[in-house]
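K.L.:
Pasting a structure below so you can have a look.
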Amino acid sequence: MEEEKLELIEKSLRESLTEAEAIRFREWMATDPEFARQHALLKQVQGALKPDVKAFQQDLQAVMNPAPTAQTRPLFPRSIYRVAAVIVLLIGALAFWWMLSGPPSGADLYAQHFSPPPENLSVRGDSVSYSLGMALMAYQSGQYAEALAAFDQVEPTSPGVRFYRAISLIQTGQITEARTELKLLTGTDGAYQQAAQWYAALTYVQEENWSEARLRLENLSRQSGSSYAQKAVSLIEQLPQ
């Protein structure tokens, strides 16, 4: 099923559809039998997972306030039952939330950790610098397709040119070529080596290639003094096991 349709189903179950989304939802329910079937199935699953709050409250009340009898005395203080009931409630709520939310997706982690690095190259006043200057101006403005076109007019002899061209490739969806550029930088000891490792790892996170992402992040996390080491550690902790 298309990702957009699955997202609409999930929002409908959470009752968080916008007005425009609600219109599309009703249209697909009326015209797409597979969409309607998936909605019914997920709604049934949600209903099975949803706890019976009223029944739970009644059971909880019975545990916390047992009916006194002449023949028996409570084995434990009433406060212990209350603590145990609260713990059970918290565990159930957390389990229910985890089942509905699930682990973060690669796209979510990528969006959380990716930000285009600011440009810090200097441009000399020669004939080659005109194209480079245009590329950097477009890059700074977030116009990555224009930046890429201008970068392609510059001989990538500078690691900085290669690096910012790679970021422009990532931002225009050309991941394979971007990795080729970044790989050339990770094999050197230059100023862009660690940054290249970080952004290469993020491209694998986006594609949910967890093994390749983890390999690069763990290598980066071991580089003491790196500004990217702590970022790598934080992201590793969020990757699925």
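K.L.:
Could you give the dipole magnitude of region 151-238 about its Cα centre, charging the beta-carbon of Lys and Arg +1 and that of Asp and Glu -1, in debye to the nearest 20?
P.N.:
It works out to roughly 180 debye.
K.L.:
Something else: Using θ = phi - 60° and the Karplus form 6.51 cos²θ - 1.76 cosθ + 1.60, what ³J(HN,Hα) does each residue of region 114-120 get, whole Hz, x for Gly and Pro?
P.N.:
Per residue, the Karplus-derived 3J(HN,Hα) values read 8, 8, x, x, x, 6, 9 Hz.
K.L.:
Set Lys and Arg Cβ to +1 and Asp and Glu Cβ to -1, take the dipole of region 124-235 about its Cα centre, and tell me which of Gly173, Ala191, Ala232 lies farthest positive.
P.N.:
The one lying farthest along the dipole's positive direction is Ala232.
K.L.:
Rank these by accessible area, largest first, 1.4 Å probe: Arg14, Arg37, Arg165.
P.N.:
Ranked from most to least accessible, the order is Arg14, Arg37, Arg165.
K.L.:
First select every other residue whose beta carbon is under 12 angstrom from the beta carbon of Leu220; then total the charges, Lys and Arg +1, Asp and Glu -1.
P.N.:
Here the count lands on +3.
K.L.:
For Lys43, what accessible surface area do you get with a 1.4 Å probe? Give it in Å², rounded to 10.
P.N.:
Number for this one is 120 Å².
K.L.:
Considering Cα pairs under 8 angstrom that are at least six residues apart, work out the relative contact order of region 147-241 and quote it in whole percent.
P.N.:
Computed value for region 147-241: 17 percent relative contact order.
K.L.:
What FRET efficiency comes out for the pair Ala22/Glu155, r = Cβ-Cβ distance, R0 = 41 Å, nearest 0.05?
P.N.:
0.15
The values are calculated or read from the model by the stated rules, or taken from the named source; none is laboratory data. The model shown is predicted, which means the values in this text are computed figures rather than measured ones. Every residue, glycine among them, receives a Cβ derived from its backbone with ideal geometry; neighbour counts consider all protein chains shown. What goes into the accessible areas is simple: the full protein's heavy atoms, side chains included, and nothing from ligands, DNA or RNA. Shrake-Rupley method; radii C 1.70, N 1.55, O 1.52, S 1.80 Å.
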